[in-house]
Structure formats: structure tokens, C-alpha cells
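Working notes, beginning with the structure itself.
Just so it is clear, none of the values below were taken in a lab; they were calculated from the coordinates. It should be emphasised that the depicted structure is a prediction, and the values quoted were computed from it without experimental measurement. Counting neighbours? That spans all protein chains shown, and the Cβs are built from the backbone with ideal geometry, glycine included.
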Amino acid sequence: MARDLQPPGFRFYPTEEELVAFYLPTKLEGRRDDLHRVIPVVNVYDHEPWQLPDKAAELCNKDTEQWFFFVPKQEREVLGGKPSRTTTSGYWKATGSPTYVYSSTSKVIGVKRTMVFYQGNSSKGKKTKWKMNEYRTINEELDATNTFFIPKLRNELSLCRVYIVSGRIRAFDRRPLR
């Protein structure tokens, strides 16, 4: 029972590389049964952003800054359509272009898309301080001649980091100073 308690000072603060190279592939391949204790499977688009901290995993639910979720591909995406990013009170709007996530060896390992939550409908939405980074991992496959790898985006599951803009500089892909 004692080992189930969080140690003093515990904080789940993964880098982008860890999210894309470890957590997402581990979940996609079903290699760990206890991963839901850190990152649960939640369709974030079924909830308002301010409801999501209560949906966080048991080992991270006390975090006041960021929350992580595995988000399954929506049925309309499976059928070839665009994902619906609307909630009851607003919508998530993608900002900018997707960017690559790099490993520590400068290899492209995934893609990140940043979104902002707007309250209201798309014509009169009001921007909020809620943001989300959506990560997808790249699966490398050999080409037909088995001479080089072809990167292919894995879309069946994404990993989302939801947070509130605090006005401070964020460097999610870096460890905090010790």
C-alpha cells in the first residue's frame, strides 16, 4: 500500500520526446497495463476544458498547471472526415502549422499541433487561456526495396497536453532547473 502513494515532491513533467517516443508508442502497442494511472484515455472534445483537470489520472490529478490524456481517433475521422473539435460551450481552434517533435539525436519522431479554446460559436468565439498540444507519433516502415525508412504518422491515438496560459515562459520540452 505504501508504494501506491506519491513520493514527496513527485511531479509528472515529461519532455516532448518522452511523450512521443515512450508514452504514446507504449500505449499504442499495449505494452503496459498501468499507463492509465499516469495518462488516462479521455475524449477531450466531450468535455469543457475546465472539466479536464478532474479527468486527469490518479498520479497527476493534483497538478495545477498541465494535464495529459490519450485521445482516441473519432469515428468521423476513421471514415475519412475531419475531427470535430467542438464542445457544448465552444471549440478548439488549431493555431499555426503542425511542427515536428525531435529526439535528442535530432531525428523527427512525431508531430505537434497547438490549439486554443474559444468560447461561443465559430463566428463570435472569444479566445480563452486554455491551450492544448496534440502529439502524434511517427511509425517508420521499410520501403518496398527495404533500403530506407518511410515515416508514417500514427493516427489511431493521440496524446494531448492541456494547460492554461499563465503568462510565464513555457519550455515543455525541457526539464525544470534543479
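Some values worked out for this structure:
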{"read-out": "Sequence of ARG31, ARG37 once ranked by neighbouring C-beta atoms within 10 Å, starting from the fewest", "value": "ARG31, ARG37"}
{"read-out": "Ranked TYR91, TYR100, criterion: other C-beta atoms within 10 Å, fewest first", "value": "TYR100, TYR91"}
{"read-out": "Per-pair calculated FRET efficiency, R0 = 35 Å: ASP34 and LYS124 via Cβ, rounded to 0.05", "value": "0.20"}
{"read-out": "Under-5 Å amide H pairs with VAL101, H placed in peptide plane, nonlocal only", "value": "ILE109, GLY110, VAL111, LYS112"}
{"read-out": "Pair PHE22, SER106: separation of 7 Å Cα→Cβ label points (nm)", "value": "2.4 nm"}
{"read-out": "Virtual spin-label span in nm between VAL165 and LYS93, 7 Å along Cα→Cβ", "value": "1.1 nm"}
